[in-house]
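Engineer: Pasting in a structure now, in structure tokens, and then I'll have a few things to ask.
The values are calculated or read from the model by the stated rules, or taken from the named source; none is laboratory data. Note that this is a predicted model, so its numbers are computed, not measured. FYI the Cβ positions are ideal-geometry reconstructions off the backbone, even for glycines, and counts take in every protein chain you see. In case anyone asks, the SASA skips ligands and DNA or RNA and just uses the protein heavy atoms, side chains included. Shrake-Rupley method; radii C 1.70, N 1.55, O 1.52, S 1.80 Å.
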Amino acid sequence: MVCRSALCVTRNALIQTPASRSSSQHRDTRKVQTRGQQLSMNRFKTSKYKNTTPKIPKKDGWIANVRGGSFSSQGNHIKSSCSLVAFNTDQAGGGMVGLSSVNAASDGKWTVTQISCHADLVTDMDFSPFDDYLLATCSADETVKLWRVCDPDQEQPSNAEVTLSAADGRLEIVLFHPAASGLLAVASARGVQVWDVSRDAALTVLEQHEDQLQGLAWKEDGSLLASSCKDKKLRLFDPRAQPSAVQCVQGHQGNRDSRILWVKDDNFLTTGFNQMRQQEVRLWDSRKLSSSLSSLSLATSNATLIPLFDPDSGLLIVSGNGESVIDCFEVNSNEPFLSQVSHCLTDVSTRGVALVPKLALDVSCCEVLHLMQLTDNFIVPISYQVPRKAGQDFHADLYPDTVGQTPAMTAEDWWKGENKQVERVSLHPSKRPKPAAPSAQETKPKDLPRGKSKEEASTSSSPLSTPSSSAAPSRSPSSTSGLSSGFLPSPSPSQSSRAIHSMLGPSSKFRHIQGAILHRDTHITNLRGLHLTTPGECDGFCANGQRVAVPLAIAGGQIAVFELSQPGKLPDTALPTIQNSVNVADFCWDPFDTHKLVVAGDDAKIRVWQIPKEGLTETLTEPECILRGHTEKIYSIKFHPHASGLLASSSYDLTVRLWNLEMGEEVKRLSGHQDQIFGMAWSPDGKLLATVCKDGKVRLYDPRKSTLPIQEGPGPEGQRGARVVWVCDGKYLLVSGFDSRSERQLYLFSAESLASGSVASAPADVSPSTLIPFYDLDTSVLILTGKGDTRVYIYEIVPEAPYFMECSSFHSSEPHKGLCFLPKAECDVRDVEVARAIRLGKTTIEPVAFRVPRVKKEFFQDDVFPETAVWWKASLTAAAWLSGSNGQHHKISLRPKDMTPVSEAPKEAPVRKYLPSSVYLEEKTDEQKKEELLSAMVAKLGNREDPLPQESYEGVDEDEWDD
């Protein structure tokens, strides 16, 4: 009975199942249809931005005089504020940042200037979202600097207002917080730090990434940080909650660079490569990171995609680094998530791209995006416009309220847990924020502690001020609590720059010096078999104004000699050489005889060679003379700066000996050294000889009065090598050596009191090679580099604090064996070339020019070219000097006869950039307008009393008419 009942129930259920199943299918079908209709509606829903068109101006509307750097870094290479655009430049090896204005001047032209920012490559930069003139830069030199920049036609600051020492290796990315003032995120190769610029240490250091960090982005409200990494993972951080990632997910499958960018609300976007090596764009929801919301594959290319996003319009710009294609997409919150708006093919390849902030858009022409494209030689402004009737009505549907320039909170408030949104402002021309007027009330500067930079060695804090932003809401200092951008308001950028200038002291006129390798036509190429392991005391090679001597890795200490007047490719056949029969320890040209080469060998002998006037055409085996006296291997040799034929040599026998080459004999022997002699240098007047020794001492000799040192003081602690050179008219000794941690350092000693130790020092970097110094007496410019380095350091040395005034560095693309400097007469003064060197590469000899950028090059720059001493001509003989005489070089002017000194140039009257406001504001009366209109009509019709044209025609007499 139970079984039958159960069977009945089961049967009834089976009978009813088809009906219920049909009803269920019907409901599911309706759901699918509804979802399909929604997708269809979304897919075919008309977007107001769908016809957005990029407008590229003609070439005369591009920003010229740009030298876009092609350096490898994780930054976008160009950033923009409402007023200024900053970009990477290849000048000074990438240590400088170019600066121009967003809009052209009244004449349609742009002014481009440079700021010497770092001692190494500038890897990234960012403008404060609350201050158009506050720029942050980070560099491979492991520092972040904040700059109070000015308009490009004004003098730019020489020193940073704040320097943060992240001390985490090469820095790659710097980003201002989008809502809090004075807050930065700084990314190194694998780590991220968050800094409050008013503190000496980072607020937090996030967990290290497992591989190279490639992208970093703040969420729009500043609550989260997102990163992309070479390990193909995407990470989300809450910096205030914990240093480790709160979420981590697999990103793009390709091995090449990726980038990350927050878009709307909880969504972020990444660019990278898929497994097929195609460029790929992915959209993600941070709440559901198991998979991406949408994926879009582009072209097969190696170019890294740089994404830019406008949250107001939802428009996404994607451009490949090194490509000439710029794509525009619209990002939607529903399917289709990514829809293409435009595909733009530009005339030049992209080095970097940046979006101009919305407050700078020209709404009169329906401009919805303003893009700055950095190329090798130009910045191309590209305007994205919606094709509508422009110039009359404000199209409010295209321009929702956008974020303003007033910070929502301070860095301290954010760190304590506050989350506030930046107040939004209207883009309507009549409702836009007005520029803040300078306050009559003086605000007391606020001192902010900072990490000390080289240029700020004497101060640990400094008042920082912020100019009124052109787009900031008009508020009194009290209403903003003086915390806009973390700094206090000031009347203008130029006044702030002058205040900082007076506070930090003088800046070098050579701070923007630029090194450049001359044209390939001047190179000597195809060098083979160079000897690359000369002793540390040897400069590696030597040059004078006519020829270069280079050691070869051939048995017998052979040296090749090349004529600078005969550039080009060397033959593959064997070259004539100088055969010394022993390994070469050091060698140098006679400064007063361009044909005489002196070579010190491992056999403790010095050989003097005479090169034929026509150059080395055959192998030389017999020297002109051989100097014997040292009992052990020689370290180095130096000619006297005034006396002809007077040579100093140092040796392993711990002596320094003076030689008279004319007599071929030793004339003095100096002692007192306890260890290896690293370097020696004659004073500019030739009276004294300075040495630096491995025993940690710097010694000063007066060879004509005593064979023992007359002064002795502590030198560099490191024992890896050192060099010494006289600076500041012989008042100081500069020693390049190593500290106790084997880091390269520069030390400055007073020549009058060596025993008191160094008066100043400056760190360089970590490298095993000793920095070889060259000092220009005319300009006080010191140029240093080491064998095997790619970087050349440049300083101006002054006899008072700060002593070391760092200038722009010069970087070469490959390691060099060293630099040898030529006489000042070889410089091209018309191009403001203050020094010329010969650079020895692995297979080339290249001239390098060091120039000071000047505007009025048609004038002779007599402030950087004083009369120069003719140090390539002797002023007395060796015998005369030994007998007590002192010589002095006569001086000559380098000014060409057809050039006027810039000090005598006529003064130009200042030119107004804009017409006075009275021209535009002056109202004319109705009578004046009528009078002007009547005058214009009369002028167009001409004078009524003038005869009509037909009156001058000749007619026919009456009697000539036929009846």
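Engineer: Identify, by number, the condition in (1) in contact (Cβ under 8 Å) with a residue 60 or more places away in the chain; (2) open to solvent by 10 Å² or more (accessible area, probe 1.4 Å); (3) of a type outside the set (D, E) that G314 doesn't meet.
Structural biologist: G314 satisfies every listed condition except (2).
Engineer: Return the residues of the range 505-536 that are buried (at least 19 other Cβ atoms within 10 Å of the Cβ) and among the charged types (D, E, K, R); say none if nothing qualifies.
Structural biologist: R511
Engineer: For the structure I just gave you, tell me whether T577 is modelled with pLDDT of 90 or more, open to solvent by less than 20 Å² (accessible area, probe 1.4 Å), more than 17 Å from T844 (Cα to Cα) and polar (S, T, N, Q). I'd like the intermediate steps shown before the answer.
Structural biologist: Working: modelled with pLDDT of 90 or more: yes; open to solvent by less than 20 Å² (accessible area, probe 1.4 Å): yes; more than 17 Å from T844 (Cα to Cα): yes; polar (S, T, N, Q): yes.
Judged against the criteria, T577 is a match.
Engineer: Kindly evaluate S290 against the criterion of being among the small types (G, A, S), open to solvent by 30 Å² or more (accessible area, probe 1.4 Å) and in contact with a strand residue (DSSP E or B) (Cβ under 8 Å, 6 or more places away or on another chain). I'd like the intermediate steps shown before the answer.
Structural biologist: Values: among the small types (G, A, S): yes; open to solvent by 30 Å² or more (accessible area, probe 1.4 Å): yes; in contact with a strand residue (DSSP E or B) (Cβ under 8 Å, 6 or more places away or on another chain): yes.
Spelling it out, S290 is indeed among the small types (G, A, S), open to solvent by 30 Å² or more (accessible area, probe 1.4 Å) and in contact with a strand residue (DSSP E or B) (Cβ under 8 Å, 6 or more places away or on another chain).
Engineer: For the range 610-633, state whether one or more residues are touching a Cys at 6+ places or on another chain (Cβ under 9 Å) and either more than 24 Å from Q711 (Cβ to Cβ) or buried (at least 17 other Cβ atoms within 10 Å of the Cβ) (or both). Even if it seems obvious, please write down each step before you answer.
Structural biologist: Let us first name the residues in the range 610-633 that are touching a Cys at 6+ places or on another chain (Cβ under 9 Å), namely none.
Checked against the condition, which is being touching a Cys at 6+ places or on another chain (Cβ under 9 Å) and either more than 24 Å from Q711 (Cβ to Cβ) or buried (at least 17 other Cβ atoms within 10 Å of the Cβ) (or both), the range 610-633 yields no hits at all.
Engineer: With the structure loaded, tell me whether A604 is crowded, with 18+ Cβ neighbours inside 10 Å and either modelled with pLDDT under 90 or among the aliphatic types (A, V, I, L, M) (or both) or whether it fails that test. Even if it seems obvious, please write down each step before you answer.
Structural biologist: Numbers: crowded, with 18+ Cβ neighbours inside 10 Å: yes; either modelled with pLDDT under 90 or among the aliphatic types (A, V, I, L, M) (or both): yes.
Yes; evaluated as a whole, the condition is true for this residue.
Engineer: For the range 238-258, give me the residue count where each residue is surrounded by 21 or more Cβ atoms within 10 Å (Cβ to Cβ) and either farther than 15 Å from L216 by Cα or in contact with a Pro (Cβ under 9 Å, 6 or more places away or on another chain) (or both).
Structural biologist: Residues that pass the stated criteria total 1.
Engineer: Take the range 757-803 and flag every residue that is closer than 30 Å to T533 by Cβ, over 23 Å from the mean Cα position of the chain (by Cα) and not in a strand (DSSP E or B).
Structural biologist: P768, S769, T770, K787
Engineer: Then there is this: In the range 672-703, what count of residues is obtained for those that are aliphatic (A, V, I, L, M) and touching a helix residue (DSSP H, G or I) at 6+ places or on another chain (Cβ under 8 Å)? Before you say what the answer is, go through the steps one by one.
Structural biologist: Residues of the range 672-703 that are aliphatic (A, V, I, L, M), as a first pass: 677, 680-681, 688-690, 692, 698, 700.
Okay, now just the ones that are also touching a helix residue (DSSP H, G or I) at 6+ places or on another chain (Cβ under 8 Å), so 698, 700.
Within the range 672-703, residues that are aliphatic (A, V, I, L, M) and touching a helix residue (DSSP H, G or I) at 6+ places or on another chain (Cβ under 8 Å) number 2.
Engineer: Taking the options L206, L183, name whichever one is buried (at least 19 other Cβ atoms within 10 Å of the Cβ), on the phi < 0 side of the Ramachandran plot and more than 23 Å from the chain's Cα centre (by Cα). Don't jump to the end; show me each part of the working.
Structural biologist: Details: L183 fails: more than 23 Å from the chain's Cα centre (by Cα).
Selected residue: L206, the only one of L206, L183 that is buried (at least 19 other Cβ atoms within 10 Å of the Cβ), on the phi < 0 side of the Ramachandran plot and more than 23 Å from the chain's Cα centre (by Cα).
Engineer: Keeping to the range 515-544, report how many residues are hydrophobic (A, V, I, L, M, F, W, C), at pLDDT 90 or above and assigned to a strand (DSSP E or B).
Structural biologist: So the count comes out to 5.
Engineer: Can you tell which of D153, D168 is open to solvent by 10 Å² or more (accessible area, probe 1.4 Å), closer than 21 Å to I78 by Cα and in contact (Cβ under 8 Å) with a residue 24 or more places away in the chain?
Structural biologist: Values: D168 fails: closer than 21 Å to I78 by Cα.
So the residue among D153, D168 that is open to solvent by 10 Å² or more (accessible area, probe 1.4 Å), closer than 21 Å to I78 by Cα and in contact (Cβ under 8 Å) with a residue 24 or more places away in the chain is D153.
Engineer: Which numbered condition in (1) open to solvent by less than 50 Å² (accessible area, probe 1.4 Å); (2) more than 27 Å from H889 (Cα to Cα) is the only one that W589 fails?
Structural biologist: The number of the failed condition is (2).
Engineer: Among the listed residues S750, S756, S812, which satisfies the condition of being more than 30 Å from G568 (Cα to Cα) and surrounded by 17 or more Cβ atoms within 10 Å (Cβ to Cβ)?
Structural biologist: Values: S756 fails: surrounded by 17 or more Cβ atoms within 10 Å (Cβ to Cβ); S812 fails: more than 30 Å from G568 (Cα to Cα).
Just a single option satisfies the conditions, and that option is S750.
Engineer: Here's a follow-up. Taking the condition of being under 15 Å from E537 (Cβ atoms) and open to solvent by 40 Å² or more (accessible area, probe 1.4 Å), how many residues in the range 696-725 meet it?
Structural biologist: Of the residues in the range 696-725, 2 are under 15 Å from E537 (Cβ atoms) and open to solvent by 40 Å² or more (accessible area, probe 1.4 Å).
Engineer: Considering only residues that are open to solvent by 100 Å² or more (accessible area, probe 1.4 Å) and at pLDDT 90 or above, look in the range 891-911 and name the one that is nearest to D831 (Cα to Cα).
Structural biologist: Here is the first cut: in the range 891-911, the ones open to solvent by 100 Å² or more (accessible area, probe 1.4 Å) are 891, 895, 897-898, 904, 907-908, 910-911.
From what's left, at pLDDT 90 or above: 891, 895, 897-898.
Details: K891: 21, R895: 12, K897: 15, D898: 14 Å.
So, considering only residues that are open to solvent by 100 Å² or more (accessible area, probe 1.4 Å) and at pLDDT 90 or above, the one nearest to D831 (Cα to Cα) is R895.
Engineer: State all residues of the range 76-115 that are touching a strand residue (DSSP E or B) at 6+ places or on another chain (Cβ under 8 Å) and either of a type in the set (S, T, Y) or at positive phi (or both); if no residue qualifies, say none.
Structural biologist: The answer is H77, S80, S81, S83, T89, A92, G93, G94, S100, S101, T111, T113.
Engineer: Return the residue satisfying two criteria in turn: it lies in the range 837-858 and is closer than 30 Å to D153 by Cα and open to solvent by 20 Å² or more (accessible area, probe 1.4 Å), and of such residues it is farthest from the chain's Cα centre (by Cα). Lay out the reasoning, then the answer.
Structural biologist: From the range 837-858, those closer than 30 Å to D153 by Cα are 848-858; that's our starting set.
Those still in the list that are open to solvent by 20 Å² or more (accessible area, probe 1.4 Å) too: 851, 853-858.
Details: R851: 17, P853: 15, R854: 19, V855: 20, K856: 24, K857: 24, E858: 28 Å.
Among those residues, the one meeting the criterion is E858.
Engineer: It is to be established whether one or more residues within the range 82-91 are more than 17 Å from T163 (Cα to Cα), surrounded by fewer than 22 Cβ atoms within 10 Å (Cβ to Cβ) and of a type in the set (A, V, I, L, M).
Structural biologist: Yes.
Engineer: Another question about this same structure. Take N103 and tell me if it is at pLDDT 85 or above, open to solvent by 30 Å² or more (accessible area, probe 1.4 Å) and not aliphatic (A, V, I, L, M). Quick ask: steps written out before the conclusion?
Structural biologist: Numbers: at pLDDT 85 or above: yes; open to solvent by 30 Å² or more (accessible area, probe 1.4 Å): yes; not aliphatic (A, V, I, L, M): yes.
Spelling it out, N103 is indeed at pLDDT 85 or above, open to solvent by 30 Å² or more (accessible area, probe 1.4 Å) and not aliphatic (A, V, I, L, M).
Engineer: Would you point out the residue of the range 780-789, among those that are open to solvent by 10 Å² or more (accessible area, probe 1.4 Å) and in contact with a strand residue (DSSP E or B) (Cβ under 6 Å, 6 or more places away or on another chain), that is nearest to I892 (Cα to Cα)? I'd like the intermediate steps shown before the answer.
Structural biologist: Within the range 780-789, the subset open to solvent by 10 Å² or more (accessible area, probe 1.4 Å) is 780, 787-789.
Subset that is in contact with a strand residue (DSSP E or B) (Cβ under 6 Å, 6 or more places away or on another chain): 780, 787.
Values: S780: 18, K787: 33 Å.
In this case the residue turns out to be S780.
Engineer: Output the number of residues of the range 56-75 satisfying the condition of being open to solvent by 10 Å² or more (accessible area, probe 1.4 Å), within 17 Å of I382 (Cα to Cα), assigned to a loop (DSSP other than H, G, I, E, B) and in contact with a strand residue (DSSP E or B) (Cβ under 9 Å, 6 or more places away or on another chain).
Structural biologist: 4
Engineer: Suppose the filter is in a strand (DSSP E or B), aromatic (F, W, Y) and within 26 Å of the chain's Cα centre (by Cα); does F329 pass it?
Structural biologist: On the way: in a strand (DSSP E or B): yes; aromatic (F, W, Y): yes; within 26 Å of the chain's Cα centre (by Cα): no.
Against the criterion (in a strand (DSSP E or B), aromatic (F, W, Y) and within 26 Å of the chain's Cα centre (by Cα)), F329 does not qualify.
Engineer: Of everything in the range 122-142 that's assigned to a strand (DSSP E or B) and among the aromatic types (F, W, Y), which residue is modelled with the highest pLDDT? Can you show your working first?
Structural biologist: Taking the range 122-142 as the starting set, the residues that turn out to be assigned to a strand (DSSP E or B) are 122-128, 131-139.
Now restrict to residues that are among the aromatic types (F, W, Y): 127, 133.
Values: F127: 95, Y133: 92.
So, considering only residues that are assigned to a strand (DSSP E or B) and among the aromatic types (F, W, Y), the one modelled with the highest pLDDT is F127.
Engineer: In addition: Is it true that some residue in the range 58-80 is modelled with pLDDT of 80 or more, more than 28 Å from the chain's Cα centre (by Cα) and of a type in the set (V, I, T)?
Structural biologist: no
Engineer: While we're on this one: Going by the structure shown, is S139 in contact with a strand residue (DSSP E or B) (Cβ under 6 Å, 6 or more places away or on another chain), crowded, with 22+ Cβ neighbours inside 10 Å and under 25 Å from A360 (Cβ atoms)?
Structural biologist: Numbers: in contact with a strand residue (DSSP E or B) (Cβ under 6 Å, 6 or more places away or on another chain): yes; crowded, with 22+ Cβ neighbours inside 10 Å: yes; under 25 Å from A360 (Cβ atoms): no.
When the stated conditions are applied, S139 does not pass them.
Engineer: Further question on the same structure: Among residues belonging to the range 382-432 that are under 21 Å from P54 (Cβ atoms) and outside any loop (DSSP other than H, G, I, E, B), point out the one that is most open to solvent (accessible area, probe 1.4 Å).
Structural biologist: Q385
Engineer: What number of residues in the range 210-233 are touching a Phe, Trp or Tyr at 6+ places or on another chain (Cβ under 9 Å), over 18 Å from K416 (Cβ atoms) and open to solvent by less than 10 Å² (accessible area, probe 1.4 Å)?
Structural biologist: So the count comes out to 3.
Engineer: If we keep just the residues of the range 804-833 that are assigned to a loop (DSSP other than H, G, I, E, B) and among the aliphatic types (A, V, I, L, M), which is farthest from V550 (Cα to Cα)? I'd like the intermediate steps shown before the answer.
Structural biologist: Start the filter on the range 804-833 by keeping residues that are assigned to a loop (DSSP other than H, G, I, E, B), which leaves 807-809, 812-817, 822-823, 827-828, 832.
In the following step, the residues that additionally are among the aliphatic types (A, V, I, L, M) were identified as 822, 832.
Working: L822: 16, V832: 29 Å.
Filtering first and then ranking leaves V832.
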